[in-house]
1. Collect residues whose amide H, placed 1.01 Å from N in the peptide plane, falls under 5 Å from the amide H of L191; neighbours closer than 5 in sequence don't count.
2. If R0 is 30 Å, what FRET efficiency do you get for A137 and S339 from their C-beta distance, rounded to 0.05?
3. Relative to the first principal axis of the alpha-carbon coordinates of the chain, what is the inclination of helix 94-114, with its axis defined by its Cα atoms, in degrees from 0 to 90 and to the nearest 10?
4. For K383, go through the lysines and keep the ones whose alpha-carbon is under 21 Å away, minus same-chain ones fewer than eight residues off.
5. Between V190 and L97, what is the spin-label point distance in nm, taking each point 7 Å from the Cα along the Cα→C-beta axis?
6. Among I163, Y234, T94, flag the residue with its Cα farthest along the positive direction of the charge dipole of the chain, charges on Cβ as +1 for Lys/Arg and -1 for Asp/Glu.
7. Compute the angle between helix 419-440 and the longest alpha-carbon principal axis of the chain, please, reported from 0 to 90 degrees and rounded to the nearest 10.
8. Which of T108, H174, V83 sits closest to the plus end of the dipole of the chain, meaning its Cα is farthest towards the positive end, when Lys and Arg get +1 and Asp and Glu get -1 on the C-beta?
Amino acid sequence: MTTTTSTAQIPARADIPVEDTWDLSRLFTGEAEYRQALEKLKAIYPQLGEKKGTLGRSAQDLRNLLELEKEIDLLSERLGHYVSLKNAEDSSNTANLARKAELSNLFTRIREATAFITPEIQQIPDEEFTAFLQDPALDEWRAALEKIRRFRPHTLSEAEERILASGSTAIRGHAETFSQLTNVDMKFGVLTDSEGRSIALSQSNYIALLHQPDRTLRRSAFEQFYQEFQDHQYTLASALASSVRADVFYARVRRYPSARAASLFADNIPVSVYDTLIETVRKHLAVLHEYYDLRKQVLKLDELHQYDTFVPLVPPVKGRHTFEEAIDLVCDALAPLGSEYVDVLRNGLRSRWVDRYESKGKRSGAFSSSSYGNPPYILMNYKPEVFSDVFTLSHEAGHSMHTWLAQKHQRFQDYGYPIFLAEVASTFNEELLTRYMLERAEDPSLRAYLLDRQIEDIRGTFFRQTMFAEFEKKIHQIEEEGGPLTLDTFSSTYHELLVSYFGPRFTLDPQLDVECLRIPHFYSAFYVYKYATGIAAAISLAQCVRQGGAPAVGAYLGFLKSGGVHYPLDTLRAAGVDMETPEPIEQVVELFGRRVQELRRLLL
């Protein structure tokens, strides 16, 4: 059944047909079963205390602890998954909120109870630990234990770890300061559009306003929005400086060569991968500048400003795709992956993996979420008249199938894949959908729309995030070298990047220098580069699958099935892409340039 909504009348959850909602009974049949599982978790986690001091006695003792912790983690994950999804259904529901708060408190106590495990494993002498790993009792835990053991040089004593843990809230207080200032204290005022209607400006609708064709409205939104950040720029600069100092502090205390190296260590990513991304993109910025030239020509502007870079060059595609039609379109595009993949996905999407439509109190946007042995649920706010929602479904289906296959082929302790890999499968699906539709697009307007959409995705996910990654690298190096972290440091460093990335023919408004103070990721550094590497890996793998036949498909499915048993670079290399080389980065640049030139031919 197709459901449509309008901003004037959003249905209550009770009004959504049950077949259009996800089926959470596969997690718990109801509140009684949930409470029973919760009480079981409360009863078993204190048993961890009995294991303290035993982990170095024998391989069997270590296995006993790991199996108990696994039982606790499996139950915790299932409970957390259920609570999270119920809260996403309706965050205004008091029962959902109470359930979330209660479980959060329990998880805090469990974290305290497990705090001894990693330090105690690290304290096992090398010879004994090596012998333990050869014992059949630990066969199923070898990969997980080796990953834990890598951190031995960077793990402090139990007392020191306890001090760091207890002080983390104070040391990381900048994140709360940034959140409260930008989400609560800042007031962005009201705008008036060309028809005299008042529009309350906020962080949530700012980018949407920059998509509007009314340039006066866009400029007003830009100037008014950044005025508020300029009014608080010294406070924000102080919070960002504290964030950088905290990163450097933790890296030094744990004996890492740099904050960046500390962040990349868990995934075993050499800093050279980060540097290769920046260096390779830097060599090819001219192709990005050419795109801005095209945008300036199409929009018929004398000057191109940042507030002119979001408005679509091509009108949205008209027409409707029911959710069932969207499923068929996505599955048809993914046919190169084989019938097993497509059949599982199609059946899942039609057997209530998905909470399809908007309802009052429901979380906005979209996500995929799973727990071991359970469906990889998808939250959507699907609108049949919004063509981009088909791509959103394809994206989230990529996450879900990644998780589904990892669960089917890996043990619990090895199935979870890192963030470095998370966006590869989802972006891969979008790439296959784009290519599928372009091959069949006879209408020039549809083709232009698809090109414009992909160009913007690459610009935002690849070029922009690489610029962000370079900024994070630079400001942490300044702190590590003893330089000052002031408002002027941040704004001047960021301005230099804006000049390079936007190019010589772009008009940079001075307000844009403080953009660096409003990006939430900068207050939790060294994450954004993964967006750029993720899209590069996805585009490279999509090309392999389309050109390499069955062996390439098998290699890609192997990537999905591997979960987190191997480190990310090894996983991707086995699938056919080497992120330690510039080649995948250059493939994105080449595709971007090709799409820009085709769009130019269609629009000019």
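FYI, it's all coordinate maths here, none of it is from the lab. Fair warning: this is a prediction, and the values are worked out from it, not measured in the lab. Every residue, glycine among them, receives a Cβ derived from its backbone with ideal geometry; neighbour counts consider all protein chains shown.
1. I199, A200, L201
2. Numbers: r = 40 Å, r/R0 = 1.33.
Result of the calculation: an efficiency of 0.15.
3. 50 degrees
4. Partners within reach: K318, K360, K362.
5. Each label point is offset 7 Å from its Cα along the Cβ direction, giving 2.8 nm.
6. T94
7. In the chain, helix 419-440 runs at an angle near 40 degrees to the longest axis.
8. V83
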